[in-house]
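Remarks on the structure that follows.
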Amino acid sequence: MSKHDMDMSDEVLDDAIDRATSVLAEEFVGAFGYETVERCVRDSYQQLSSGATVATYLPLLAHRFARERLMAAGRARSDGPSSSPGVLFVCTHNSGRSQMAAGWLRHLASDIPVWSAGTEPSAEVSAAVIEAMQEVGVDLHDPYAKPLSDEVVAAAGVVVTMGCGEVCPVVPGRRYEDWILAHPVGSTVSEIRSARDEIRERVESLLSELRMSNAS
């Protein structure tokens, strides 16, 4: 990959950031000011660009990442005791295990906010992981690997870690679980299926506990 492939002129980048900021500022009007939104978009771009190999889609991904962060920040501000606790899945690269867990929970419970992140996010999500999930009718919806953000950590009521060790977030008042799971990236689809199915069982168990807790 040449340096030219990663380069984006300041003018093109500023235009992309301005467009994303305008769209998000309108969506979050009354919740966040334009300057706050712009800082979030620029920071999201910088965080994603640090591990990217191709710059083409970075502005779009920065828009999506900034929107997720702003939504999480808004939820953290207004979350009440009767709300379903958001669930954050964290692994090392956000390219396999945490993506599958988030995909399963979104598939099984559309009313629970779900996030995934990596402590050292890779450049992309494993294609074999995406295919293995599609086999069971779970579309990961054009996923991308993303880093941990303070906004998501603050909004999550449950944090599930998957082999990311001491660098995973620890915030008082959160429920923490550590799932010991094999790292599927680099494996074939057939090898990933067992991890996929084990993750579903764990997600179903977690969901059952959350439902009982909300009902009590």
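Under unit Cβ charges (Lys, Arg +1; Asp, Glu -1), what dipole magnitude, rounded to 20 debye, does the stretch 25-175 have relative to its Cα centre?
320 debye
Hey, what's the stretch 64-169 come to in accessible area per residue, 1.4 Å probe, Å²? Here the residues of the stretch 64-169 average 39 Å² of exposed surface.
In this structure, the amide hydrogen of residue 92, modeled 1.01 Å from its nitrogen in the peptide plane, lies closer than 5 angstrom to those of 119, counting only residues at least 5 positions away or on a different chain.
Helix-only mean residue ellipticity at 222 nm, the chain, DSSP H runs n ≥ 4 weighted -39,500 (n - 2.57), per residue, nearest 500. What is it?
On the way: 8 runs with 113 residues, N = 216.
When only DSSP H runs of four or more count, the value is -17000 deg cm²/dmol.
Overall, the stretch 136-216 carries a charge dipole of about 120 debye about its Cα centre when +1 sits on the Cβ of Lys and Arg and -1 on the Cβ of Asp and Glu, all other atoms neutral.
The 3J(HN,Hα) values that the Karplus relation (6.51, -1.76, 1.60; θ = phi - 60°) gives for the stretch 19-25 are, in residue order, 5, 4, 5, 4, 5, 6, 5 Hz. Gly and Pro appear as x.
Solvent exposure of residue 149, expressed as accessible area, is near 10 Å², computed with a probe of 1.4 Å over the protein chains only.
Whenever you get a sec, compute what percent of the accessible area on the chain sits on carbon and sulfur atoms (1.4 Å probe).
Numbers: 5540 of 10970 Å².
Summing carbon and sulfur atoms, their accessible area is 50 percent of the total for the chain.
Springs between Cα atoms under 10 Å define the GNM used for the chain, and in it the highest mean-square fluctuation of 74, 96, 118 occurs at 74. Look at the dipole of the chain built from charges on Cβ: of 171, 22, 116, the Cα furthest out on the positive end belongs to 171.
Counting only Cβ charges, +1 for Lys and Arg and -1 for Asp and Glu, the dipole size of the stretch 19-67 around its Cα centre is about 140 debye. Work from the charge dipole of the stretch 29-144 (Cβ charges, +1 for Lys and Arg, -1 for Asp and Glu, about the Cα centre) and give the residue of 138, 41, 96 farthest towards its positive end. Going by the Cα projections, it comes out as 41. Sorting 200, 97, 19 on solvent-accessible area from highest to lowest, probe radius 1.4 Å, gives 19, 200, 97.
The values are calculated or read from the model by the stated rules, or taken from the named source; none is laboratory data. These numbers come from a predicted model, not from an experiment. No Cβ is skipped: glycine too gets one built from the backbone with ideal geometry, and neighbour counts run over all protein chains shown. These accessible areas exclude ligands, DNA and RNA; they are computed on the full protein's heavy atoms, side chains included. Shrake-Rupley method; radii C 1.70, N 1.55, O 1.52, S 1.80 Å.
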